[in-house]
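Since every read-out is calculated from the coordinates, none of them should be taken as a lab result. Keep in mind that this is a model prediction, so the values were computed, not measured.
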Amino acid sequence: MLYPGQVVTNDELDMLTRVYKTISQERGLPADSPRCEKVAAHIIKLFMNGLTDEDELLFAVRNRGPFVPTHQIEQGL
């Protein structure tokens with residue numbers, strides 16, 4: 001887990017960017033979409049909680065399921 005004052009290195013930032021771009025491309029998400037923002041936030045959250053390996057992050061995000069608001073799931077959208 002990262003703590004206040006700890007910095008993300010350039011290599012880590014590059015890795016997070018690769019994960020983000022890979023997932024966005026696989027899901028066909030435009031970079032400026034709200035869903036893409038949720039993907040990015042989720043990747044950062046996973047990283048901050050200790051998933052610091054690129055393959056682990058890709059696996060975790062791929063197996064999370066779709067980034068769909070709960071109300072849309074309940075309505076069957």
In whole Å, what are the extents of the stretch 10-72 along the principal axes defined by its C-alpha atoms, from largest to smallest?
35, 20, 16
Karplus ³J(HN,Hα) for the stretch 37-45 (6.51 cos²θ - 1.76 cosθ + 1.60, θ = phi - 60°; Hz, whole; x = Gly/Pro) runs 4, 5, 4, 4, 4, 5, 4, 5, 4
